[in-house]
1. Could you list all residues from segment 505-517 that are under 16 Å from the mean Cα position of the chain (by Cα), away from ligand 1 (no atom under 12 Å from the Cβ) and of a type outside the set (Val, Ile, Thr)?
2. Is it the case, given these coordinates, that Gly458 is surrounded by fewer than 21 Cβ atoms within 10 Å (Cβ to Cβ) and at pLDDT 95 or above?
3. Could you check, for segment 303-311, whether at least one of its residues is of a type in the set (A, V, I, L, M, F, W, C) and outside any loop (DSSP other than H, G, I, E, B)?
4. For the structure I just gave you, tell me whether Tyr541 is in contact with an Asp or Glu (Cβ under 9 Å, 6 or more places away or on another chain), modelled with pLDDT of 95 or more and under 17 Å from Thr618 (Cβ atoms).
5. List the residue pairs whose Cβ atoms are under 7 Å apart, where the first residue sits in segment 483-512 and is closer than 17 Å to Pro456 by Cβ and away from ligand 2 (no atom under 16 Å from the Cβ), the second is in a loop (DSSP other than H, G, I, E, B) and among the aromatic types (Phe, Trp, Tyr), and the two are 6 or more positions apart or on different chains.
6. Given segment 98-168, what strands (runs of 3 or more DSSP E) lie entirely inside it while holding 2 or more residues that are out of contact with any Asp or Glu (no Cβ under 9 Å at 6 or more places or on another chain), in contact (Cβ under 8 Å) with a residue 60 or more places away in the chain and more than 16 Å from ligand 2 (Cβ to nearest atom)?
7. Scan segment 269-289 for residues that are within 29 Å of the chain's Cα centre (by Cα), surrounded by 17 or more Cβ atoms within 10 Å (Cβ to Cβ) and not in a loop (DSSP other than H, G, I, E, B) and jot them down.
8. Within 14 Å of Leu79 (Cβ to Cβ) and within 30 Å of the chain's Cα centre (by Cα) - does that describe any residue in segment 531-551?
Amino acid sequence: MKEIQYLNLTTYIMKNKFVQAVLVIALGSALVTSCKPKNSGDAVSGDAAEKAYVAPGKYDEFYNFVSGGFSGQLSVYGLPSGRLFRVIPVFSVDPEKGWGYSEETKPMLNTSHGFVPWDDLHHTEMSQTNGEVDGRWVFGNANNTPRIARIDLKTFKTAEIIELPNSGGNHSSPFITENTEYVVAGTRFSVPADYSNGDVPINTYKENYKGHISFVSVDKKSGEMDLAFQIVTPGVNFDLSHAGKGKSHGWFFFSCYNTEQANTLLEVNASQKDKDFIMAVNWKKAEEYIKAGKGKKQKVKYAHNTWDEHTHSAKSAMKDEVLVLDASELKDICYMIPCPKSPHGCDVDPTGEFIVGSGKLAALIPVFSFDKLQSAIKGKKFEGNYGGIPVVKYEAALHGEVQKPGLGPLHTEFDGKGNAYTTFFVSSEVVKWDIKTLKVLDRVPTYYSVGHLCIPGGDSKKPFGKYLIAYNKITKDRYLPTGPELAQSAQIFDISGDKMKLILDFPTIGEPHYAQAAPADLIRNNGQLKFYKLEDNKHPYAAKGEKEAKVVREGNKVHVYMTSIRSHFAPDNIEGVFLGDEVYFHVTNLEQDWDVPHGFAVKGANNGELLIMPGETTTLKWIPDRVGTFPFYCTDFCSALHQEMQGYIRVSPKGSNVPLQFSLGTNLPATK
Ligand code: CUK
Ligand code: CUA
């Protein structure tokens, strides 16, 4: 589809209400199918590929933290090589690492709905200090059962998950303020608040459905999160957001669509209005109102799960209250800025002056000015209100529009040199433009249908504008086929020169949405943990040496205090377990050296394996389902005699007289 046709089509839709619905559907399917750029075969030229080459044994320049979308995980790649280092389980169970399978990790996935072993992770955001990426934590959002996770970059492990009440679809999340004061979450699906009666006819959306924006505070030292307050808004769909920075520090910007407040066939009914909104939130002001006691206490229920590095265990606490500010009552915390046609990405440039809205159905990119917004608010340049929230006049807040940039703008990142880079889903390209003059400077095709993009530090005050990574939705014909489902992909562009140059593409895990990247040294030298110190191990079932290994019966529960070291378990022969028992293997890895995990698996376990880091204790619950003898073994090739790292557990009928006994290196006395 050509740009000009698209523009005519848009104008036509505007003028002719009768055909509006039908044509919006057509546009919608254009968004889904997208156009394919020409010359997709020979995209990498000359010495370009060399730039992505990182020789064996050499380190990459950047870490890249990439959301896994519907995989619920976070993957860690190196840039520019595109090498995959690790998949960090966050919201989804991962049998490879025992995440959600070991007894210690199960509480991390607890919610007010019980154990939820999956979610949809779209956005990653790294912690910042003074607006710069600081390499301490990376946050991720759960879309489906609203949650925010904090991943510790010393251990590359999920350290905390907090659930969000009053929300449905936590999409506009987890974006942070410039000193990581808050991580925010805007609900994609407005819903009746948890503290109201939700058993209402769906067609009462306008009156009963509400949006909630959550401000989750982050402790400066520990990183621990706390739901500080929420702001209730009219029912709309909050899509994305970014914090102000520098001069706009203290503000947050949220894109919202479906300001039509439709609750059916949104592809038509939520595309009626010429403009939706970007909601500007003065969170400093909101903080003042909270301090002044203006927040209403509301009864809700949400889980807060934390990981303790000393007990190697998670705790889940259920909370029951939240403070809510009403945006329609407190007139100076929220302002709506009109933004053309279903805005998606909402991005703030490194100076904090420019706010970019990307209307999925718009044929231009509006860029708003923070200074102009401030004087518009002061001068009350409003055009009425939306559900009690003042609507600032479009022109009064507008810096300008990028004309004819491409089709279907989604997301924008910055290089710190005055340039913005926007992805276009429909026209499958990344477009570089000048933030001040709004002139298009360069465009490159992507293969195909790019969603998010990432420049290391690209949404902070200090971008490292050397590489740009585009995350694509469709890879038809790019890789060897793998049946009906094909890999999504990332493509790395060198953006150090005037023109963007493709240097590498590689398939990704799950569906990548947003990603963050930071200089490798920042994370490598942040005090990376190499192993857990045994003397600090406070796990209640730890065995800190083979002498402490034992098997203890408590009713029908059998606790095995087991140790693992190259290349045996202690104990490795266990008898006196009966059908109907619940067996808990608490395995402590006695190694005190980097990179020597041991694994543990037992036949018939309806469970994952354990993968136990040096100095750590981890528990596998096993309920034997039959009488017999069952082997267990180490799953991680830990030494030349790894295959010797094994043992047996004997299960006897209930009521049999086999005594509980265990051994290592000696034979147990024979019992019938
Ligand atoms: S969304 Cu994925 S392409 Cu969920 Cu951030 Cu825009
Ligand atoms: Cu321990 Cu293999």
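The values are calculated or read from the model by the stated rules, or taken from the named source; none is laboratory data. Bear in mind the structure is a predicted one, so any value in this text is a computation, not a measurement. Reconstructed Cβ throughout: ideal geometry from the backbone, glycine too, with neighbour counts over all protein chains shown.
1. Across segment 505-517, the qualifying residues are Gln516, Ala517.
2. In short, no.
3. Yes, segment 303-311 has at least one match.
4. no
5. From segment 483-512, the pairs are Gln491/Tyr447.
6. Fully inside segment 98-168 and qualifying: 132-142, 157-163.
7. Answer for segment 269-289, where residues must be within 29 Å of the chain's Cα centre (by Cα), surrounded by 17 or more Cβ atoms within 10 Å (Cβ to Cβ) and not in a loop (DSSP other than H, G, I, E, B): Lys275, Asp276, Phe277, Ile278, Met279, Ala280, Val281, Asn282, Trp283, Ala286, Glu287.
8. Looking for residues that are within 14 Å of Leu79 (Cβ to Cβ) and within 30 Å of the chain's Cα centre (by Cα), one finds none in segment 531-551, hence no.
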